[in-house]
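Below is one structure, written out as structure tokens; the observations come after it.
The values are calculated or read from the model by the stated rules, or taken from the named source; none is laboratory data. Just so we're clear, the structure is a prediction, and the values are computed from it rather than from any experiment. Neighbour counts are summed over all protein chains in view; Cβ atoms, including those assigned to glycine, are modelled from backbone coordinates with ideal geometry.
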Amino acid sequence: MEIRTERLLLRHPRLSDVAGMYAIMSDPRAMAYWSTLPHASLAQTELWVRKMVVEAESGPYYDFIIERDGAVIGSAGYWRPPEIGFILHPDHWRQGLTREAVAPLIKLGFETLDLEEITADVDPRNTASLALLGGFGFRQTRFAARTFEIGGVWADSIYLSLKRSDANA
């Protein structure tokens, strides 16, 4: 499955995506609010991508690599429906690209996956992601303290939900 937008291609992962994803997943800025520390080695990212490839080959799969002009710049999709997630290389922040990637994924969630709601788990310090999701109509459903321990530091979670009836994507 592929999704094309004005500037992006969202497609299933390939083993050739390892170097592009490593550039993202080894970057402390990109990983600041992720659920793991930045990747310390290319081998760590290879395992991550390999798992994505196996899952994509084994059945319906809705987690995508984001390409711009043929280069891997991120990942977005449903790792565990109905939860949506995304990560983008910092060189591509503040250009509307995450919004451009997430909009068709919301449509996919409601129309193809027939979800009644889409959820997200966001670190409260990640104000950009909170604003992005809020712009689509996501609303906070709850807050939980100390949900992830990453490198000896606890992070909190804000849980968000977008109901089909409230979607304005």
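For region 19-41, filtered to residues that are closer than 16 Å to M52 by Cβ and of a type in the set (F, W, Y), the residue that is modelled with the highest pLDDT is Y22.
Among the criteria (1) touching a helix residue (DSSP H, G or I) at 6+ places or on another chain (Cβ under 7 Å); (2) assigned to a strand (DSSP E or B); (3) at pLDDT below 95; (4) of a type in the set (G, A, S), the one A169 does not fulfil is (2).
For region 1-14, taking the residues that are hydrophobic (A, V, I, L, M, F, W, C) and either in contact with a Lys or Arg (Cβ under 7 Å, 6 or more places away or on another chain) or closer than 18 Å to W79 by Cβ (or both), the one that is surrounded by the fewest Cβ atoms within 10 Å (Cβ to Cβ) is identified as M1. Selection of region 1-60 for residues being among the polar types (S, T, N, Q) and touching a Phe, Trp or Tyr at 6+ places or on another chain (Cβ under 6 Å) yields S35, T45. When you scan region 96-112, do you find a residue that is surrounded by fewer than 19 Cβ atoms within 10 Å (Cβ to Cβ) and farther than 18 Å from G77 by Cβ, even just one? There is at least one residue in region 96-112 that is surrounded by fewer than 19 Cβ atoms within 10 Å (Cβ to Cβ) and farther than 18 Å from G77 by Cβ. Taking region 115-126 as the range and being in a loop (DSSP other than H, G, I, E, B) and touching a helix residue (DSSP H, G or I) at 6+ places or on another chain (Cβ under 9 Å) as the test, the residues that pass are L115, E116, D123, P124. Among the residues of region 1-9, none qualifies, meaning not one is touching a Gly at 6+ places or on another chain (Cβ under 6 Å) and closer than 24 Å to E111 by Cβ. Applying a threshold of 9 Å to beta carbon distances and a minimum spacing of six or more residues, or different chains, the list of pairs starting in region 89-111 at a residue that is assigned to a loop (DSSP other than H, G, I, E, B) and ending at one that is of a type in the set (V, I, T) and crowded, with 19+ Cβ neighbours inside 10 Å reads H89/I24; H89/V72; H89/I73. Residues in region 18-73 that are among the acidic types (D, E) and part of a loop (DSSP other than H, G, I, E, B) were compared, and the one that is surrounded by the most Cβ atoms within 10 Å (Cβ to Cβ) is D27.
No other residue among R50, R80, R14, R4 is modelled with pLDDT under 95 and more than 17 Å from F136 (Cβ to Cβ) apart from R80.
In a residue-by-residue description of region 67-77, the property of being at pLDDT 95 or above and either farther than 22 Å from L8 by Cα or out of contact with any strand residue (DSSP E or B) (no Cβ under 9 Å at 6 or more places or on another chain) (or both) applies to at least one position.
One line per residue, one yes/no per condition, for (1) touching a residue at least 12 places away in the same chain (Cβ under 8 Å); (2) within 16 Å of the chain's Cα centre (by Cα); (3) surrounded by 12 or more Cβ atoms within 10 Å (Cβ to Cβ):
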| position | (1), (2), (3) |
| --- | --- |
| A120 | yes, yes, yes |
| N126 | yes, yes, yes |
| A131 | no, yes, no |
| Q140 | yes, no, yes |
| F143 | yes, no, no |
| T147 | yes, no, yes |
| A155 | yes, no, yes |
| L160 | yes, yes, yes |
| A167 | yes, no, yes |
